[in-house]
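Taking it in order: structure first as structure tokens, then the write-up.
The values are calculated or read from the model by the stated rules, or taken from the named source; none is laboratory data. All of these numbers come straight from a predicted model, not from anything done at the bench. Every residue, glycine among them, receives a Cβ derived from its backbone with ideal geometry; neighbour counts consider all protein chains shown. Quick note on the areas: whole protein, heavy atoms, side chains included, nothing else; ligands and nucleic acids left out. Shrake-Rupley method; radii C 1.70, N 1.55, O 1.52, S 1.80 Å.
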There are 2 protein chains.
Amino acid sequence: MKIDDNFYMKLAIDEAWKFQLLTYPNPAVGCVVVKAGKLLAIEAHKEAGLSHAEVNALKTAFLTQEPNSLLKVLEKSSEIHDFLIKNHNGFFEDCEIYTTLEPCNHHGKTPSCAKLLSILKPKRLIIGLIDTNKIASGGIKTLESENIDVTTKVLEKECENLLLPFKSWQNKTSIFFKMAQTLNGSIDGQISSQRAKLYVHTLRDKIDLLMIGGNSVRVDKPILDTRYVKGREPDVFIYSKNKAFSQAIPLFKVPNRKVIISDDLFKLLDYKFVMVEGVYTLLDILKDKLDFVVLIISPKIRNGVNSVNELNIDFEILHENYLGDEKIVFLKRRA
Amino acid sequence: MKIDDNFYMKLAIDEAWKFQLLTYPNPAVGCVVVKAGKLLAIEAHKEAGLSHAEVNALKTAFLTQEPNSLLKVLEKSSEIHDFLIKNHNGFFEDCEIYTTLEPCNHHGKTPSCAKLLSILKPKRLIIGLIDTNKIASGGIKTLESENIDVTTKVLEKECENLLLPFKSWQNKTSIFFKMAQTLNGSIDGQISSQRAKLYVHTLRDKIDLLMIGGNSVRVDKPILDTRYVKGREPDVFIYSKNKAFSQAIPLFKVPNRKVIISDDLFKLLDYKFVMVEGVYTLLDILKDKLDFVVLIISPKIRNGVNSVNELNIDFEILHENYLGDEKIVFLKRRA
């Protein structure tokens, strides 16, 4: 296997995918630091408000040299910025820094990464995707004005795939479909492990609205909360022509939640980030409206209600993560 | 992400999986070379008779220093061994070498890797799995007798999974099941891409015997050859009670092939390496006899003959490779 720019960029991409969707409303970004040929850091942005990928990677890289430095206990992005600016002492001058997205050029919740890098003066910046976000872009210009060597468009397609969810929620309502099944497409009974359930609760904590089919609500009587992660409870959209539901169904009793019962999909657009938890019926109804699909696959074969259906959809696999013994597959519909 | 022994061992494991089954009758092995902290080589054993993973990795690592060395054109394992012994000049003394399996200690088709390493004297050997093969084992002893620091059992479970196919064919007939399906478990019509078909032909070139159900033969009238890779044509075992088949079916016309028509599974044991190409019926019949499963998944949803069945099997995902847009999933049945 060739150990080149693509190799290191792939490490950054794979790390970023581990936090895909969890960075909402920020993009998932990964960063790798290689100092004089030595791989020192592979980090990602983990959650909005926390440090950007670049800052995490610069911190990890610097700590390999000074493991007992004060930097170790700093968590706030602005504090890490300040520390590195004062103490870098040329440490990054023989570093090559790989980032899946052009470093941000604006001071938002955290100071600008491009500004920080232009002070630390690494030997080279390798960027997967040029940022087209008007607010954050311009990082390359900032870097090049400090004579830092910048290479762009390394694994650009893969970096674009990584950014697809972010692009979907940037300017409009983002709608994704979450489904769990066995290897053979069975969706019956308890499919997922406790760990997968925890993941779903983590996703529910990020979204504004959870959409589910009326039949599922009547049959499964779900809570649809985030109790495993003690998160925010999303509003619920029950897709149903028939508006009559027993108020004893637990989902109605979750505090601070609005429940909409409707068959008007237009109402989804009142929200920013929508997860549909469903099976093939809802997938069929929504297939032209979905930005991406999150499929949880449990590696077993089961007899059960199956995916026999009239659907005919081609996907591209954007990425896959392990979730314990199961897989999360991120899919994009092919045009 | 932590950059430690596990990280580098994982790179070696993933590289080895790319050649899983293709090294038959040898084990799939991966090797990584890190020199003074710099990652120089990620290589694998690719095919029986070709150089072992360690030799490939040592060669790649050495060439990073002397890219125009004569070594570049050497392909034969014994020649690479000789070159490195004569020209290493202490190059490997600050190297850490990761190998998924204890380096072989015997002079087989190629000279012993443990012997070679004991001459090159790397700083440290990191070994995933200790070899229990009586012929090849003893590498650690050879290395330690030359005072080379040896660390063992790094990602041992993952290295064991990598070795599972090898262990299955080492002392008995190895039987694996190959199946192709869509995301939702549909097995109808043309599922796989040309690239997946090429992969299947590559597998057929490795096996001794291809088993298929009588019904598939009657309906699909297959050739079951290796024309895409111009390989060896495996013998065919048609599993069928009814022995009458039209001799016009193309598989009967492939030269140098024996075709067995039988429902006596005991006959499989006359062969060493058997691939079953089937769907759920054969999987049900053979499920207790299979060493592993190779599942090719095409990322689409299709209406079609589906995996509705009475099976109830739990698997562990050993590994997954991309095959263009599709996935190859290696599965082991859970006990």
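Data overview
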{"item": "By average C-beta atoms within 10 angstrom, highest first, the peptides A:48-56, B:254-262, B:316-324", "result": "A:48-56, B:316-324, B:254-262"}
{"item": "Residues B:Arg334 and A:Val73, FRET efficiency given R0 of 45 Å [Cβ-Cβ distance, rounded to 0.05]", "result": "0.55"}
{"item": "Cα-based helix-to-principal-axis angle, B:194-206 vs chain B, degrees rounded to 10", "result": "80 degrees"}
{"item": "Theoretical FRET efficiency, 1/(1+(r/R0)^6), r = Cβ-Cβ of A:Glu144 and A:Gln170, R0 41 Å, to 0.05", "result": "0.95"}
{"item": "Cα-based equivalent ellipsoid of chain A: semi-axis lengths in Å, sorted from largest, via gyration tensor", "result": "41, 20, 18"}
{"item": "Loss of accessible area when A meets B, both sides summed, Å² nearest 100, probe 1.4 Å", "result": "3700 Å²"}
{"item": "Size of segment B:45-143 as Cα extents on the principal axes (Å, biggest first)", "result": "39, 28, 20"}
{"item": "Of all accessible heavy-atom area on the protein assembly as shown, the percent that carbon and sulfur account for (1.4 Å)", "result": "51 percent"}
{"item": "Ascending list, in nanometres, of distances separating the A:Lys2 label from those of the other copies (7 Å, Cα toward Cβ)", "result": "3.3"}
{"item": "FRET efficiency, B:Asp288 to A:Ile85 (Cβ-Cβ, R0 56 Å, nearest 0.05)", "result": "0.30"}
{"item": "Over 26 Å [Cα-Cα, segment A:5-169], rounded percent", "result": "17 percent"}
{"item": "Other-copy label distances relative to A:Glu160, 7 angstrom Cα-Cβ extension, nm", "result": "4.4"}
{"item": "Per-q log10 I(q)/I(0), the protein assembly as shown, q = 0.07, 0.10, 0.11 Å⁻¹ (Debye; single scatterer per alpha-carbon; no solvent)", "result": "-0.55, -1.08, -1.24"}
{"item": "Degrees between helix B:5-17 axis and first principal axis of chain B (Cα, 0 to 90, nearest 10)", "result": "40 degrees"}
{"item": "Per-residue average of Cβ from other chains inside 10 Å of A:291-301", "result": "4"}
{"item": "Between segment A:219-272 and segment A:122-188, the Cα center-to-center distance that results, in Å", "result": "31 Å"}
{"item": "Scattering curve values for segment A:1-93, log₁₀ I(q)/I(0), Debye with Cα scatterers, q = 0.14, 0.20, 0.22, 0.24 Å⁻¹", "result": "-0.52, -0.97, -1.11, -1.22"}
{"item": "Furthest towards positive pole of dipole, A:Asn256, A:Leu290, A:Leu268, structure part segment A:255-321, Cβ charges", "result": "A:Asn256"}
{"item": "At most 16 other Cβ within 10 Å, DSSP loop - trypsin sites (Lys or Arg not before Pro), segment A:96-202", "result": "A:Lys109, A:Lys123, A:Lys134, A:Lys153, A:Lys172"}
{"item": "In Å, descending, principal axis extents of the Cα set of segment B:121-179", "result": "47, 23, 14"}
{"item": "Amide H partners (placed H, <5 Å) of A:Leu39, local residues excluded", "result": "B:Leu39"}
{"item": "Copy-to-copy label separations for A:Arg227, where each label sits 7 Å from Cα toward Cβ, in nm and ascending", "result": "6.1"}
{"item": "Pairwise Cα inverse-distance average, inverted: Kirkwood Rh of segment B:144-222 (Å)", "result": "16.6 Å"}
{"item": "Chain A: angle of helix A:53-65 to the longest principal axis, Cα-based, in degrees nearest 10", "result": "50 degrees"}
{"item": "Value of Rg to Rh for segment B:172-333 (Rh from inverse mean 1/r over Cα pairs, i.e. Kirkwood)", "result": "0.93"}
{"item": "Neighbouring partner chain Cβ atoms per residue of B:174-185, average, 10 Å criterion", "result": "4"}
{"item": "Proximal lysines to A:Lys253, defined as alpha-carbon separation beneath 25 angstrom and excluding residues fewer than eight positions away on the same chain", "result": "A:Lys178, A:Lys197, A:Lys206, A:Lys221, A:Lys230, A:Lys241, A:Lys243, A:Lys267, A:Lys272"}
{"item": "For the protein assembly as shown: accessible area per residue (Å², 1.4 Å)", "result": "43 Å²"}
